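Here is the structure we will look at.
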Amino acid sequence: MTPYLLINADDFGMTARVNAAALRAHREGVLTSASLMVAEEGWQEAVEIARREPRLGVGLHVVATVDRSVLPARDIPHIVNRQGRFRPDPLRAGLLYALSKTARVELQREMEAQFARFAQTGLPWSHADSHQHIHMHPVVLNLFLDLCDRYGVHRIRVPRESLRAHLRAGGDRFNINTVPALALNVLARRAVRHLQTRKTLGGKPIFFCNQVCGTFQSGNMHAAYVRRLLDSLPGTASEVYFHPGTAYARALPADRQTEGVRDVELHALLDPGVRAIIEARGFCIGRYEEIEAARSEL
């Protein structure tokens, strides 16, 4: 069976540095896709990059934790602070959305504003996902899917990741991501059941990859780990996501920084060994829509 692979950069549009890292990873490395934040300082530049790079699939990265809202703080005061930023802790944010009807109403308005802003760019919809995977929260998932349905977005991320595969690839046995990643797997399994019942979005069958890698090792997706991970992926459709150029990505040791590459995740995306593994395994690598089309022909 042909293995299919999508390689995504999250937080596209956060800053000029993040945009530059994603662009380089796409032009010189193996990046096929990016998820766009539509309220951060670099979002308009990211849109211009996407218009110049039609081979880069771009989707919406919904923000409901940590970062900025599209709507002004005065319009959604129960879910953002005075600077227009969401709560930094996804657990506390999730509890707020679950327990407060007012917060849910404000969240729906804000998410709709984010979908609308992406639509107004005129970029083709590759997919939709969210910052810190908050769309897997049961309350947020319903709002997210209703908006996907309204805007005709049927390709989404469902972040199911194998702990066993992560450990076999030499990943950290325990780090700050471990417990949240395990909890996320539980929510993702619930989401799959919900999607199997719903079946369509925007009148089309819902598409998502069989597995998504990047949560257990988030911020430290270094080249050696990625090579081993790719070499062990099954012959299905997989997504591996990164945070090139962001503050989340660990810094490379000074003696390994070359040609302006300062973080381990960008370094991995540019690594010739990563590309060699992709070619050796015979991965069909591409954007969401290309993988969906290839899978539908089987």
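The values are calculated or read from the model by the stated rules, or taken from the named source; none is laboratory data. Predicted, not measured: the structure shown is a model, and the values here were computed from it. Positions of Cβ are backbone-derived with ideal geometry, glycine not excepted, and every protein chain shown enters the neighbour counts.
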- Say whether the condition of being among the basic types (Lys, Arg) and either in a loop (DSSP other than H, G, I, E, B) or farther than 17 Å from residue 244 by Cβ (or both) is met by at least one residue in the stretch 63-73. yes
- Task: Look at the stretch 122-159 and say how many of its residues are under 19 Å from residue 205 (Cα atoms) and either among the acidic types (Asp, Glu) or in a loop (DSSP other than H, G, I, E, B) (or both).
- Result: 13
- Restricting attention to the stretch 38-48, which residues are surrounded by fewer than 20 Cβ atoms within 10 Å (Cβ to Cβ) and not in a loop (DSSP other than H, G, I, E, B)? 44, 45, 48
- Message: If I filter the stretch 168-186 for residues that are of a type in the set (Gly, Ala, Ser), modelled with pLDDT of 95 or more and within 25 Å of residue 119 (Cα to Cα), do I get at least one hit?
- Response: no
- Pick from the stretch 74-92 the residues that are surrounded by fewer than 24 Cβ atoms within 10 Å (Cβ to Cβ) and in a strand (DSSP E or B): which of them is nearest to the chain's Cα centre (by Cα)? 85
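Go over the candidates 166, 135 one by one and state the one that is touching an Asp or Glu at 6+ places or on another chain (Cβ under 9 Å), over 18 Å from residue 190 (Cα atoms) and of a type outside the set (A, V, I, L, M, F, W, C). Can you show your working first?
On the way: 135 fails: over 18 Å from residue 190 (Cα atoms).
Within the list 166, 135, the selection yields 166.
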- In the stretch 1-37, which residue that is in a strand (DSSP E or B) and in contact with a His (Cβ under 8 Å, 6 or more places away or on another chain) is farthest from residue 222 (Cα to Cα)? 36
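What residue, of 95, 99, 143, is crowded, with 16+ Cβ neighbours inside 10 Å, at pLDDT 95 or above and not β-branched (Val, Ile, Thr)? Write out each step before concluding.
Values: 95 fails: crowded, with 16+ Cβ neighbours inside 10 Å; 99 fails: crowded, with 16+ Cβ neighbours inside 10 Å.
Among 95, 99, 143, only 143 is crowded, with 16+ Cβ neighbours inside 10 Å, at pLDDT 95 or above and not β-branched (Val, Ile, Thr).
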- Select from the stretch 195-226 the residues that are surrounded by fewer than 22 Cβ atoms within 10 Å (Cβ to Cβ) and either assigned to a strand (DSSP E or B) or more than 20 Å from the chain's Cα centre (by Cα) (or both) and list them in ascending order. 196, 197, 198, 199, 200, 202, 203, 204, 205, 207, 211, 224
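Do we have residue 55 as surrounded by fewer than 22 Cβ atoms within 10 Å (Cβ to Cβ), within 17 Å of residue 219 (Cβ to Cβ), basic (Lys, Arg) and touching a residue at least 12 places away in the same chain (Cβ under 8 Å) here?
no
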- Item | Residues (polar (S, T, N, Q), out of contact with any Ser or Thr (no Cβ under 7 Å at 6 or more places or on another chain) and under 23 Å from residue 208 (Cβ atoms)) located in the stretch 1-47 | 2, 32, 35
- Query: Of everything in the stretch 198-249 that's polar (S, T, N, Q) and in contact (Cβ under 8 Å) with a residue 60 or more places away in the chain, which residue is farthest from residue 175 (Cα to Cα)?
  - Reply: 236
- Item | Close pairs (7 angstrom Cβ cut-off, 6 or more residues apart or separate chains): free of Cβ contacts under 8 Å to residues at least 12 places away in the same chain in the stretch 164-176, part of a helix (DSSP H, G or I) anywhere | 173/167
- Task: Kindly indicate whether any position in the stretch 113-121 is within 19 Å of the chain's Cα centre (by Cα), outside any helix (DSSP H, G or I) and among the small types (Gly, Ala, Ser).
- Result: no
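Hey, can you tell me all the residues within the stretch 233-265 that are assigned to a helix (DSSP H, G or I) and surrounded by 21 or more Cβ atoms within 10 Å (Cβ to Cβ)?
Here is the first cut: in the stretch 233-265, the residues assigned to a helix (DSSP H, G or I) are 254-256, 264-265.
Listed by number, the residues that qualify are 264, 265.
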- Residues in the stretch 4-15: is at least one surrounded by fewer than 23 Cβ atoms within 10 Å (Cβ to Cβ), among the β-branched types (Val, Ile, Thr) and at negative phi? yes
- Query: Within the stretch 274-297, is even one residue at pLDDT 95 or above, within 28 Å of residue 14 (Cα to Cα), among the basic types (Lys, Arg) and not in a helix (DSSP H, G or I)?
  - Reply: yes
